[in-house]
Amino acid sequence: MFRKVILALVLALALAAPAAHATVRLPQLVGSHMVLQRDKPLPIWGWAAPGEKVSVTFRDKTYAATAPDADGRWQATLPATPAGGPYTLTIKGENTLVLEDVLLGDVWLAAGQSNMEFPVKDLPTGYFQPVVNADQEIAAANFPKIRLFKISQAMAYHPASDVKSTGWLVCSPATVAQFSAVAYFFGRDIFQRYQVPIGLISSCWGGTSAEAWTSAEGLRALPDFSTRAADVAQRTTKLTDDDQAFRQRQRAALTSQKIDKGYPPGGKAWAAADFDASAWPEMALPSYWETTPALKGYDGVVWFRKEIDLPVAAAGQPLTLSLGRINDTDSTWFNGVKVGSTDGYNKDRRYAVPAALVRAGRNVVAVRVVDLGSNGGISGEPATLSLTGPGRTLSLAGSWHYQVGLDPKDWPVSPFPGGAQNTPTVLFNSMVAPLIPFALKGVIWYQGENNTGRAEQYRTLFPALITDWRKRWGAPELPFLFVQLANFLPAVPEPGPSTWAELREAQAQALVLPRTGMATAIDIGETDDIHPHNKQEVGRRLALAARHIVYGEKALVHSGPTYAGMAAKGAEVRLRFKHVGGGLVAPNGKLLQGFAVAGADQKFHWATARLMGNEVMVQSADVKTPVAVRYNWANNPNGNLYNKDGLPAVPFRTDSWPGITVGVK
């Protein structure tokens, strides 16, 4: 009996042994339903135990992998294969992994900040508004040969070995809603044109800067970033631990009434109904408080108060107080009584005001706003600031009194200026490096908003990023297509300086690199929303660039008119353009707009402009001898020069003057 027990135990251990050594595993990117890049050698990698033999079987042929290195990483390279599938791919070591439904086609990496992150329809948070015709687009998204791979946001001081993701998804109405809209519409256009499987990899994080997406090696030659990137590379702690420790110090400061001036010891709290805030400065809401010079760069606590006169009929009636969206957290009082609090910048505030608090005449709304970083304030749309009662809605948009509650000296010093996610290299390390060396067709990129105000720096930083990624992939001419910033912010009455125009110019200068292309979006932005909803047209214009630059449609008009030269004669300037396509045009026969000229005094004045064939003639009665011209040189310009192929002219200037003054008629 004893021998039988021993024998059974030995057999059990023997059977369990292979499972105990079943160490072969794959990165998230290598899985069922993936798309592999056609017509290129295909690196496939993973991890195994030291000394373990690993093989990859694909299309009835088996390929030996390199022996696992000290970290257990192995790699096999499959031969270049034409478009097709579905195939099965089998990885075998001590254990066996079988990947099903693998396609060969074109793989595009879609990266950048929030306008690339912007989903077709953001469910369930609703932070992003849906794209144009979102429900119809979702219902029609039956493209099983388009595959979607979305990377979860993460940060790291050092290159990570893998990303976090739910894996490859087959494009369908059930999967497309929360995927990058720009990437999807771009991929859809490419698929419909060429009928080859398309793999889309989305790696995006809103509100992030280009330096965070560049490797330490890529930043080494840039004086503005080299020292900090080197410091990051030497960190021995985890970034997430450092960030969490800082946030805990933040919360401690924000929740302490001892250091918030709004809770004065022995004095009247700033939320009190009878507190006198008439001496406080005023601010127009909704807006980010950073737009007020006194609060530029401030993070912490700001109190807002607004007095409201209500008629006798409103007394004793319940009300709904709506404050839209607030960055990041609020506590709200009505006539000194707290009626609500919300944590989260992407949530609408709507609070019930009990009837017993509502009185005729003077009523007071007080809001304590906490901002943990970046922009702060009551930032929703004007229509979302309101007080609603039976049969009546009162707008609360407009002037509010405000006061800083937390002295900057009491605010913990951040180890991550600009936010942890904007630390140089940390997004490259966590959201790009783990993808290498997965074979790609190219990259599409939508970023730049977070670098406005630093255009001169971006002129070298952006090309350095492109060159860096190409070097990391070992592909010196990996196609890199990008979106130029859309129009945004209120229009101005006179020509003048523009940080957004300067950043657009810096983006366009990257086109000197080979195999790059740009989609101009100067006509599809929105004044009060940094996230334009017409992502279909952005995707289409990127696809035009891809078709011309990557897929070889050399006769295709893929760009709007671009400035090619000028000649001044007397008071008139003649402008020449490339990429005129079927000819220059102002849609609907309207007069040309958006041009400004300046003389040697460097003062710009609006110009009249007219078409002369494929050239534009500009002049201004205020400039007798023009020496420089600008077109669409503004945050939110109104220019309307197109080619007949429907693509807008690229904004430009013929000068390089700094600190331009405004010409006044």
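Read the figures in this text as sums done on the coordinates, not as results from a lab. Keep in mind it's a predicted model, so treat the numbers as computed, not measured. As a convention, Cβ positions derive from the backbone with ideal geometry for all residues, glycine included, and neighbour counts pool all protein chains shown.
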Legend entry - Set of lysines with alpha-carbon distance to K121 below 17 Å, sequence-local pairs under 8 removed: K150, K347, K535
Legend entry - Unit Cα scatterers, Debye sum, the chain: log10 I(q)/I(0) for q = 0.08, 0.09, 0.11, 0.12 Å⁻¹: -0.74, -0.90, -1.20, -1.32
Legend entry - Mean separation of Cα contacts under 8 Å (6+ apart) over length of the chain, as relative contact order %: 12
Legend entry - Length-normalised contact order for region 562-662 - Cα pairs under 8 Å, 6+ apart - percent: 32
Legend entry - Residues in region 49-67 reached by a label modelled at R25 [backbone nitrogen below 14 Å; 7 Å Cα→Cβ]: 49-50
Legend entry - Cut-off under 5 Å, modelled amide H: who pairs with A609 long-range: L592
Legend entry - Rounded Å value of the spacing that divides the Cα centres of region 419-483 and region 572-606: 33
Inset, instruction - List the residues whose amide H sits under 5 Å from the amide H of D328, counting only those 5 or more places along or on another chain, with H placed 1.01 Å from N in the peptide plane. - result: V370, D371, L372, G377
Legend entry - Residues with amide H under 5 Å from that of S202, placed H, sequence gap 5 or more: A110, F149, K150, I151
Legend entry - Proxy reagent accessibility, fewest Cβ within 10 Å first, across S278, S172: S278, S172
Inset, instruction - Do me a favour and compute the ellipsoid semi-axes for region 270-314 from its Cα gyration tensor, root of five times each eigenvalue, largest one first, whole Å. - result: 26, 13, 9
Legend entry - lysines with Cα under 21 Å of K471, excluding same-chain neighbours fewer than 8 positions away: K40, K441
Inset, instruction - Would you mind classifying region 265-406 by shape? Square roots of the alpha carbon gyration tensor eigenvalues, ordered a ≥ b ≥ c; an a/c under 1.5 is rounded, otherwise it is prolate if a/b is larger than b/c and oblate if not. - result: prolate
Inset, instruction - Quote the relative contact order of region 265-406 in percent (integer), defining contacts as alpha-carbon pairs under 8 Å separated by 6+ residues. - result: 38
Legend entry - Simple Cβ-charge dipole of the chain, Lys/Arg +1 and Asp/Glu -1, about Cα centre, in debye nearest 20: 960
Inset, instruction - Determine which residues of region 321-343 fall in the zone a paramagnetic label at A355 would reach in this model, i.e. backbone nitrogen under 17 Å from the point 7 Å along Cα→Cβ. - result: 321
Legend entry - region 562-662, dipole about Cα centre (Lys/Arg Cβ +1, Asp/Glu Cβ -1), debye to the nearest 20: 140
Legend entry - Rotationally averaged projected area of region 562-662 (alpha carbon convex hull; nm²): 6.2
Inset, instruction - Would you mind computing, in nm to one decimal, how far apart the modelled labels at S278 and T125 are, each placed 7 Å from Cα along Cα→Cβ? - result: 4.4
Legend entry - Distance-filtered residues of region 545-578 - backbone nitrogen under 11 Å, label point 7 angstrom along S656 Cα→Cβ: none
Legend entry - Sorted largest first, extent of region 87-180 alpha carbons per principal axis (Å): 49, 38, 24
Legend entry - Burial ranking of peptide ranges 444-451, 348-355 (average Cβ count within 10 Å, highest at the top): 444-451, 348-355
Legend entry - Residue-count net charge about I308 - beta-carbon cut-off 14 Å; Lys, Arg +1, Asp, Glu -1: +3
Inset, instruction - Arrange the peptides 563-570, 547-554 so that the one whose residues have, on average, the most other Cβ atoms within 10 Å appears first. - result: 547-554, 563-570
Inset, instruction - Starting at the first residue of region 603-611, write each ³J(HN,Hα) from the Karplus equation 6.51 cos²θ - 1.76 cosθ + 1.60 with θ = phi - 60°, in whole Hz, x for Gly and Pro. - result: 9, 8, 10, 4, 10, 8, 9, 9, 7
Inset, instruction - For a quick protection proxy, order the peptides 635-642, 228-235 by their average other-Cβ count within 10 Å, most packed first. - result: 635-642, 228-235
Inset, instruction - Any chance you could run the full-extension gain for K61 through Q244? It's 0.36 nm times the residue separation minus the Cα-Cα distance, nm to one decimal. - result: 61.0 nm
Legend entry - Estimated 222 nm signal from helices in the chain, with DSSP H stretches of n ≥ 4 weighted -39500 (n - 2.57), rounded to 500: -6000 deg cm²/dmol
Legend entry - Unit charges at the beta carbon, dipole of region 265-406: most positive-side option, L295, L385, A313: A313
